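What follows is a single structure, written as structure tokens, with notes after it.
The values are calculated or read from the model by the stated rules, or taken from the named source; none is laboratory data. Worth saying up front: this structure is predicted, and the values here are computed from it rather than measured. Cβ: placed from backbone, ideal geometry, glycine included. Neighbour counts: every protein chain shown. Surface accessibility is based on the protein's heavy atoms, side chains included, excluding ligands, DNA and RNA. Shrake-Rupley method; radii C 1.70, N 1.55, O 1.52, S 1.80 Å.
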Amino acid sequence: MVSVNQLSVEFGGFTLFKDVSFLVNPKDKIGLAGKNGAGKSTMLKIFAGLQLPTKGTVTCPKDVKIGYLPQHMKHNDTGSVWDEVEKAFGELKQLEKDIEALNVEMGNRTDYESEAYLDIIHKLSDKSERLSMLGGANYASNIEVTLKGLGFERDDFTRLTSEFSGGWRMRIQLAKILLQKPDVFLLDEPTNHLDIESIQWFEDFLKNYSGAVVLVSHDRAFLDNITKRTVEIQMGKIYDYKASYTKYLELREERREQQMAAYRNQQKMIEDTEKFIERFRYQATKAVQVQSRIKQLDKLDRIEVDEFDNSSLRIKFPAAPHSGAITLDGKQLTKKYDQLEVLKEVDFTIERGEKVAFIGRNGEGKTTMARMIMNEIGFTGNLKLGHQVKIGYFAQNQADLLDERLTVLETIDHVAVGDIRLKIRDLLGAFMFSGETVDKKVSVLSGGERTRLAMVKLLLEPVNLLILDEPTNHLDIRSKELLKQAVKDFEGTVVVVSHDREFLDGLVDKVYEFRNKKMKEHLGGIYEFLERKKLESLRQMEQQKPNGKAVKQEVSQEKQNSKLSYEERKEISRRVKKAQQQVEKAEKNIAKLEEDIAELDRLMQDVKNASDAEFVRKYQDSNVALEKEMEAWELYQVELEEVEEIKNKLD
């Protein structure tokens, strides 16, 4: 579908890609892998037609539609959220006009056997199919489902986009792209501005999507749940693995070991050849052999190995004063911003050594609570720090607090003490500061670079309570693994505000869920919480259906809500009918199999048949088939009862 042919990209003498070729097929789910600076984002820009390669081509059929979400973008939208997202259906509205025109043209023609008439039929069929794929007349309900999946409330739909932060405006752009249903999604770090619930919804959307996806992400769980193929960009070359990200890491390690073995063999050959040349260079009788060996070395395709490997680097937080048994104790905590109440009468206790996660949708109060603990904002209630608690705080704006007059190396050198001073450059390299980069002034660093530097600095400060607010947003997977191991080894207390499930998995043993102005405690890890939450959400959804809360909105939305109610009823009726058909079909199959088995039972009385291996196999297969059909019938029957119960409640 999309073909990359002999692609090369150069910047000021530096080669990013060299003669790269690969193919993106329909329905491919591809993760682009490679360390920061390898060219992943550049590859997406070239795919999207926003950047030209130095050499080579990227080709795709004219009718292939591409949707591109960059990591950073400028926002110039001025209307409401709904109006902005509705722009995604420009193609749909044009299709409706085209179909209407084609129908009129067909009605005016009588040359039913001509090629021109058949051509109209083909066009009408193609456009009708595309219209159906885009959602047809149901686009309003599609908009609502998508916006709610990405975390917006109904009340947000009529708000101006300018009222939202940059992260929420990125969600609006993502919603537009999803609703356009392109043939190929190009997504550059799409989860950076999403919370856990939105990420899970987005995952389900992409997993079930019929088009292709090319994805750059530092969220390992997100990659594993979506991608079936990993294309690694390394040292200007492409390595294509038919595997998800975690499996790709295993295969890459195998390839690297083979590469290292080949490299060592080649180095031995080069060393032996150079020794031969040096030894016989001035002997006339060996001149021909010497020249032959020199030409051999000149023509040799040297094997290169990516030596970047910091897996052995292990960072340990410096020792801090021993704190009391209770690290944090909050009673009746309430926080308002003018008339907006974010937290109301919250109680919680965090004990020494606990590692907890603050989880919830954006705007529910996670960062607000972190700032309350730091005493950066006012609140009512009683919040006590334990005895000798010293806090290390990584805020989302932590990068702004760095001294811009210092270099990268000086910033870390000022806080490093003990043995870690010997590993400062290794540590900086692990967080993507290497070579001349360490001599850059903080004032010239990008936002992402500043965030990474602030994280390195925090790793070296002696504290016994760590509060980390979205610490992984600008870290690649290797850096995140390094940070995660350091936090796991940390002997103090940790509070993490994060949506990165892979980072939280195995790190936290308690989850505080922020919802409806409260903090709800959940014991266990992040995936245990998510599993329970999934069940809770389904129960809540069933409970909310009959009471009609969703339709109690202002008058301007009542018509839309009644339409949605009709669509919901229509969907439930469809599910009931489908379940009834499945039950009826299974019952017919069971009846037929029981008849066949009864006949086989009769025939088994004959000794000749009972000793016939083929006959016995047929008898066994029929019984297995009956058992499977009975299991299927039971599942269909349960599903039918469930959807009929929901239908009765709606009625």
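Which ones in segment 518-527 are open to solvent by 80 Å² or more (accessible area, probe 1.4 Å) and either under 14 Å from VAL342 (Cα atoms) or among the hydroxyl-bearing types (Ser, Thr, Tyr) (or both)? I'd like the intermediate steps shown before the answer.
First, the residues of segment 518-527 that are open to solvent by 80 Å² or more (accessible area, probe 1.4 Å): 518, 520-521, 523, 527.
Within segment 518-527, LYS518, TYR527 meet the criteria.
Only one of these conditions is not met by VAL231: (1) modelled with pLDDT of 90 or more; (2) over 24 Å from ASN76 (Cβ atoms); (3) part of a strand (DSSP E or B); (4) in contact with a helix residue (DSSP H, G or I) (Cβ under 8 Å, 6 or more places away or on another chain). Which number is it?
Only one criterion is unmet by VAL231, namely (4).
Within segment 180-206, can you find the residues that are assigned to a helix (DSSP H, G or I), of a type in the set (D, E, K, R) and under 11 Å from the mean Cα position of the chain (by Cα)?
GLU203, ASP204
Sort out which residues of segment 1-15 are open to solvent by less than 60 Å² (accessible area, probe 1.4 Å) and at pLDDT below 85, and write them in order of number.
MET1, THR15
Might you check whether a residue that is touching a helix residue (DSSP H, G or I) at 6+ places or on another chain (Cβ under 9 Å), without any contact (Cβ under 8 Å) to a residue 40 or more places away in the chain and either more than 28 Å from MET432 (Cα to Cα) or open to solvent by 40 Å² or more (accessible area, probe 1.4 Å) (or both) occurs anywhere in segment 31-45?
no
Do you know which residues across segment 349-368 are small (Gly, Ala, Ser), touching a Phe, Trp or Tyr at 6+ places or on another chain (Cβ under 8 Å) and under 20 Å from ASP505 (Cα atoms)?
In the first step, residues of segment 349-368 are kept if they are small (Gly, Ala, Ser); the result is 353, 357, 360, 363, 365.
From the residues that got through so far, the ones that are touching a Phe, Trp or Tyr at 6+ places or on another chain (Cβ under 8 Å) too are 357, 360, 365.
ALA357, GLY360, listed by residue number.
Given segment 384-502, what strands (runs of 3 or more DSSP E) lie entirely inside it while holding 3 or more residues that are open to solvent by less than 10 Å² (accessible area, probe 1.4 Å)? Steps first, answer last, please.
Details: elements: 391-394, 465-469, 493-497.
Once the strands (runs of 3 or more DSSP E) in segment 384-502 are filtered for at least 3 residues that are open to solvent by less than 10 Å² (accessible area, probe 1.4 Å), what remains is 465-469, 493-497.
Taking the stated definitions as given, is LYS335 within 22 Å of ARG452 (Cα to Cα), open to solvent by less than 60 Å² (accessible area, probe 1.4 Å) and either at pLDDT below 85 or in contact with a strand residue (DSSP E or B) (Cβ under 7 Å, 6 or more places away or on another chain) (or both)? Give the steps one after another, and end with the answer.
Numbers: within 22 Å of ARG452 (Cα to Cα): no; open to solvent by less than 60 Å² (accessible area, probe 1.4 Å): yes; either at pLDDT below 85 or in contact with a strand residue (DSSP E or B) (Cβ under 7 Å, 6 or more places away or on another chain) (or both): yes.
For LYS335, the condition - within 22 Å of ARG452 (Cα to Cα), open to solvent by less than 60 Å² (accessible area, probe 1.4 Å) and either at pLDDT below 85 or in contact with a strand residue (DSSP E or B) (Cβ under 7 Å, 6 or more places away or on another chain) (or both) - is not met.
I'd like the full set of residues that are assigned to a loop (DSSP other than H, G, I, E, B) and either in contact with a Leu (Cβ under 6 Å, 6 or more places away or on another chain) or modelled with pLDDT of 90 or more (or both), limited to segment 212-228.
Hits for segment 212-228 are SER217, THR227, LYS228.
Could you tell me whether any residue of segment 71-86 is under 28 Å from GLU203 (Cβ atoms), modelled with pLDDT of 80 or more and touching a Pro at 6+ places or on another chain (Cβ under 9 Å)?
yes
Yes or no, residue by residue, for (1) open to solvent by 20 Å² or more (accessible area, probe 1.4 Å); (2) of a type in the set (Gly, Ala, Ser); (3) part of a loop (DSSP other than H, G, I, E, B):
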{"residue": "PHE348", "(1), (2), (3)": "no, no, no"}
{"residue": "PHE358", "(1), (2), (3)": "no, no, no"}
{"residue": "GLY378", "(1), (2), (3)": "yes, yes, yes"}
{"residue": "GLY381", "(1), (2), (3)": "yes, yes, no"}
